[in-house]
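Here the structure is laid out as structure tokens; the discussion comes afterwards.
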Amino acid sequence: MLSCKHIMTMDDLTPEDIVTILDTADSFKEVNERRIKKLPTLRGRTVVNLFLEPSTRTRTSFEIAAKRLSADGLNFTASASATVKGESLRDTAATLSAMACDLVVVRHKYAGAPQMLAECMDAHIVNGGDGVNQHPTQALLDLFTMREKLGHLEGLTVGIVGDICHSRVAGSLVPALRKVGARPIIIAPKMLMPARPDILGAEVAYSLDEVLPELDVAYMLRVQFERAAQMPFPSNREYARFYGMNAARLGSAKPGMIVMHPGPMNRGVEISSEVADSPRSHVLDQVNAGVAVRMAVMYLLLGGADSGAAA
Ligand code: NCD
């Protein structure tokens with residue numbers, strides 16, 4: 001069981017909760033490798049995916065996770081929900097509450113939307129990404145992938161490279177890494193750093209090449225052109241030259257350094273196609289881990305342990 005009712009930010013989780021989630025996800029990963037990938041664990045429970053911002057992998061990942069645990073799932077997307085008719089998030093929450101939903105996964109363009117839902121619903125809330133704030137299940141699946149590929153988390157040096165200032169992924173990954181005893185370094189040009197990078201709690205670097213030899217993981221972030229008010233650097237080529245992961249940079253990294261990216265990737269900007277498709281890149285392993293980790297989160301929040309074994 002977890003110590004919290006909701007997972008809205010990494011602050012909700014203790015280091016013990018994180019280990020519980022990763023260990024539970026390990027057994028679900030094994031279920032995902034079977035021919036029949038379904039368990040009866042959450043039969044009769046209702047999970048709502050309230051995705052009011054574009055998403056492919058996170059929404060489908062939660063959807064598959066709910067299905068594999070036999071929960072009843074409902075999907076709301078921005079274009080297909082009453083929000084386009086002007087309904088407030090509070091009214092949407094009241095409506096879902098009246099239908100007795102057990103768990104709501106919410107993605108929203110405003111930071112704090114999950115907290116607002118938690119205030120007006122009884123359901124468990126899981127943050128599927130709120131504005132530029134947090135994306136905790138992404139950080140959990142990233143930890144899962146690092147632990148699986150490198151064997152441990154404590155003491156790892158993880159460079160999070162790129163668009164830090166718009167990144168809810170970094171917002172969750174930095175505290176997640178600190179909780180498990182790893183060493184996060186945020187690496188970006190000044191234009192893509194938050195105004196007070198020190199507040200995030202990571203070491204700060206402005207040159208990728210300077211810190212590259214220290215990294216066990218290079219975690220490349222997508223440049224979020226859609227959130228930037230203006231082009232944050234002179235050209236994509238210039239960005240790739242100083243902050244992109246490419247074959248030449250892999251050559252000056254530790255031989256065992258792995259490359260990760262939350263997706264979707266801008267190939268040729270933060271990561272070259274050659275690296276993205278190489279065995280050093282674990283992008284698809286992250287997607288694969290995402291299903292198991294989200295199954296674990298739903299199972300643990302909804303008290304699945306009371307109604308049967310995990311696997
Ligand atoms: C991230 C997101 O939406 O915050 N993607 C994801 O969840 N897989 C990162 C991004 O959009 O760049």
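Can you say whether A188 is surrounded by fewer than 24 Cβ atoms within 10 Å (Cβ to Cβ) and either within 16 Å of the ligand (Cβ to nearest atom) or among the hydrophobic types (A, V, I, L, M, F, W, C) (or both), as far as the supplied structure shows? I'd like the intermediate steps shown before the answer.
Numbers: surrounded by fewer than 24 Cβ atoms within 10 Å (Cβ to Cβ): no; either within 16 Å of the ligand (Cβ to nearest atom) or among the hydrophobic types (A, V, I, L, M, F, W, C) (or both): yes.
Criteria not met by A188.
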| Among (1) in contact with a helix residue (DSSP H, G or I) (Cβ under 7 Å, 6 or more places away or on another chain); (2) at negative phi; (3) not assigned by TED's automatic domain parsing to the domain that holds R45, which single condition is G268 missing? | (2)
| query | With respect to N246, is the statement that it is at negative phi and within 16 Å of the ligand (Cβ to nearest atom) true? | reply | no
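Restricting to the stretch 56-81, give me the number of residues that are open to solvent by 30 Å² or more (accessible area, probe 1.4 Å) and not in a strand (DSSP E or B).
If we filter the stretch 56-81 for residues that are open to solvent by 30 Å² or more (accessible area, probe 1.4 Å), which is where we start, we get 56-57, 59-60, 63-64, 67-68, 72-80.
This time we only want the ones that are not in a strand (DSSP E or B), so: 56-57, 59-60, 63-64, 67-68, 78-80.
The qualifying residues number 11.
Conditions tested, residue by residue: (1) assigned by TED's automatic domain parsing to the domain that holds L69; (2) part of a loop (DSSP other than H, G, I, E, B); (3) over 15 Å from V158 (Cα atoms); (4) open to solvent by 10 Å² or more (accessible area, probe 1.4 Å).
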site	(1), (2), (3), (4)
I199	no, no, yes, yes
V204	no, no, no, yes
P213	no, no, no, yes
R222	no, yes, yes, yes
F233	no, yes, yes, yes
R249	no, no, yes, yes
P264	no, yes, yes, yes
P279	no, yes, yes, yes
V297	yes, no, yes, no
| note | Flagged in the stretch 162-179 as in contact with a Pro (Cβ under 6 Å, 6 or more places away or on another chain), open to solvent by 10 Å² or more (accessible area, probe 1.4 Å) and away from the ligand (no atom under 16 Å from the Cβ), in numbering order, are K179
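The values are calculated or read from the model by the stated rules, or taken from the named source; none is laboratory data. These figures come from a predicted structure and were not determined experimentally. Using ideal geometry, Cβ is built from the backbone for each residue, glycine included, and neighbour counts are taken over all protein chains shown. These accessible areas exclude ligands, DNA and RNA; they are computed on the full protein's heavy atoms, side chains included. Shrake-Rupley method; radii C 1.70, N 1.55, O 1.52, S 1.80 Å.
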